[in-house]
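Take this structure, written in structure tokens, and hold onto it; I'll ask about it next.
The values are calculated or read from the model by the stated rules, or taken from the named source; none is laboratory data. Computed from a prediction, not measured in an experiment: that's the story for all the values here. A quick note on method: Cβ atoms are made from the backbone with ideal geometry, for glycine too, and the neighbour counts reach across all protein chains shown.
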Amino acid sequence: MRSRVQTITPGKAAEYLQRNTVNRPLSQRTVRDFAAAMRRGEWRVTHQGIAFDTTGALVDGQHRLAAVVEADLPVEMTVFADVPDGAFDVLDTGKRRNAADVLAIEGEKSAVMLAAMVRTVWLYNNRRDLNWSGGDAGVSNHQIVQTLEQHPKLRKFVSVGEQIAGATGMIKSAAGAASYLVAQASRRDLTAWFDGVIEGTGLTKGDPRLLFRRAMFAHTRKQAGQIVRRRETREHVTVYLKAFNAWATGTPLTQLRYVPREPVPTITAGR
């Protein structure tokens, strides 16, 4: 088996794909994700590339090659030739690293929650008006690492998210990310906001913190015979920010609800 690093142009990728006779069905989502990474300049040469068996048939790398065609950019890849018969059975059988795995390898604590928080911050900054679930809302591992580098203080809000989640039933990562976002946007002391949301003591009718707590309780309350609907990060962040904006501007609330497909609010710093 031989290998070398080769620049794969879109034309060369299309040529190599003509030798694709034994691969699994193509996943268009994977192709789109790879192509997007190539356009962002995130693609790097690794031991994972493309491979041909002893007959010249392509046995690995069809998604990478299809992504080169879609991105319409030349990309360097490791090319293996003369891969022995039978190797196809053990290709791609390992567990793919997710964002939490990458952060854990980097030595981050609470990597699962932190990765989810970073993803939420990225989505807030880049897709406030769009859906946060499904293939089109995918955030790459590289984007997760890059976003955490840009927002290092996110780490301090893991415990805040856990406290709010424990007190209200809000999704932990959504609580941590939303709390970081309001703290980042506001120059005022937010102790009263966090204490009110977590403790809930002394809150009067119309207080946005009280309505927020009630809204979260309504989302998570389980009643006999009632099916509890799936909670979504975008919904919880939207309700949280609506309540915060009202509190920050001194605006009493009579109701607090989420309207499907509404944009996630921008944050009001208040007075």
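Determine if the range 11-31 includes at least one residue that is in contact with an Asp or Glu (Cβ under 8 Å, 6 or more places away or on another chain) and within 26 Å of GLN146 (Cα to Cα).
Yes, some residue in the range 11-31 is in contact with an Asp or Glu (Cβ under 8 Å, 6 or more places away or on another chain) and within 26 Å of GLN146 (Cα to Cα).
Further question on the same structure: State whether one or more residues within the range 206-218 are in contact with a Phe, Trp or Tyr (Cβ under 9 Å, 6 or more places away or on another chain), surrounded by fewer than 17 Cβ atoms within 10 Å (Cβ to Cβ) and more than 30 Å from THR30 (Cα to Cα).
Within the range 206-218, the subset in contact with a Phe, Trp or Tyr (Cβ under 9 Å, 6 or more places away or on another chain) is 207-209, 212, 215-216.
Within this subset, residues satisfying the condition of being surrounded by fewer than 17 Cβ atoms within 10 Å (Cβ to Cβ) are none.
The answer is no, given that none of the residues of the range 206-218 is in contact with a Phe, Trp or Tyr (Cβ under 9 Å, 6 or more places away or on another chain), surrounded by fewer than 17 Cβ atoms within 10 Å (Cβ to Cβ) and more than 30 Å from THR30 (Cα to Cα).
Continuing with the same structure: How many residues are surrounded by 15 or more Cβ atoms within 10 Å (Cβ to Cβ) and in a loop (DSSP other than H, G, I, E, B) if we restrict to the range 13-41?
3
Sort out which residues of the range 191-215 are under 12 Å from ILE164 (Cα atoms) and in a helix (DSSP H, G or I), and write them in order of number.
If the condition is that a residue be under 12 Å from ILE164 (Cα atoms) and in a helix (DSSP H, G or I), then TRP193, PHE194, ASP195, GLY196, VAL197, ILE198, GLU199, ARG209, PHE212, ARG213 are the ones that fit.
State the number of residues belonging to the range 121-146 that are buried (at least 19 other Cβ atoms within 10 Å of the Cβ) and under 19 Å from ILE267 (Cα atoms).
Residues in the range 121-146 being buried (at least 19 other Cβ atoms within 10 Å of the Cβ) and under 19 Å from ILE267 (Cα atoms): 5 in total.
If I ask for residues that are without any contact (Cβ under 8 Å) to a residue 40 or more places away in the chain and either in a loop (DSSP other than H, G, I, E, B) or among the hydroxyl-bearing types (Ser, Thr, Tyr) (or both), which ones from the range 116-153 would you list?
Hits for the range 116-153 are ARG127, LEU130, GLY134, THR147, HIS151.
Report, by residue number, each residue of the range 29-48 that is touching a Gly at 6+ places or on another chain (Cβ under 9 Å) and either assigned by TED's automatic domain parsing to the domain that holds ALA137 or at pLDDT 85 or above (or both). First the steps, then the outcome.
Narrowing the range 29-48 to residues touching a Gly at 6+ places or on another chain (Cβ under 9 Å): 29, 32-33, 36, 48.
Those that are touching a Gly at 6+ places or on another chain (Cβ under 9 Å) and either assigned by TED's automatic domain parsing to the domain that holds ALA137 or at pLDDT 85 or above (or both): ARG32, ASP33, ALA36.
If you scan the range 246-265, which residues turn out to be at negative phi, loosely packed, with under 12 Cβ neighbours inside 10 Å and over 28 Å from the mean Cα position of the chain (by Cα)?
Residues satisfying the conditions are THR254, GLN255.
Okay, next question. For the range 42-59: of the residues being closer than 19 Å to HIS142 by Cβ and surrounded by fewer than 17 Cβ atoms within 10 Å (Cβ to Cβ), which is nearest to the chain's Cα centre (by Cα)?
Pass one, the range 42-59, residues closer than 19 Å to HIS142 by Cβ: 42-49.
If we keep only those that are surrounded by fewer than 17 Cβ atoms within 10 Å (Cβ to Cβ) too, we end up with 42, 44-48.
Details: GLU42: 16, ARG44: 21, VAL45: 24, THR46: 23, HIS47: 25, GLN48: 23 Å.
That would be GLU42.
Can ARG271 be described as of a type outside the set (Phe, Trp, Tyr), at pLDDT below 95 and either not in a loop (DSSP other than H, G, I, E, B) or not assigned by TED's automatic domain parsing to the domain that holds LEU123 (or both)?
So ARG271 passes the test.
I want to confirm something. Restricting to the range 1-10 and keeping residues that are of a type outside the set (Ser, Thr, Tyr) and in contact with a helix residue (DSSP H, G or I) (Cβ under 9 Å, 6 or more places away or on another chain), which single residue is surrounded by the most Cβ atoms within 10 Å (Cβ to Cβ)? Spell out the reasoning first.
Residues of the range 1-10 of a type outside the set (Ser, Thr, Tyr): 1-2, 4-6, 8, 10.
Still in the running and in contact with a helix residue (DSSP H, G or I) (Cβ under 9 Å, 6 or more places away or on another chain): 1, 6, 8, 10.
On the way: MET1: 11, GLN6: 15, ILE8: 23, PRO10: 16.
In this case the residue turns out to be ILE8.
Something else now. Select, from ARG96, ARG119, the only residue that is at pLDDT 90 or above, within 24 Å of the chain's Cα centre (by Cα) and under 30 Å from LYS172 (Cβ atoms).
Numbers: ARG96 fails: at pLDDT 90 or above.
Unique residue meeting the criteria: ARG119.
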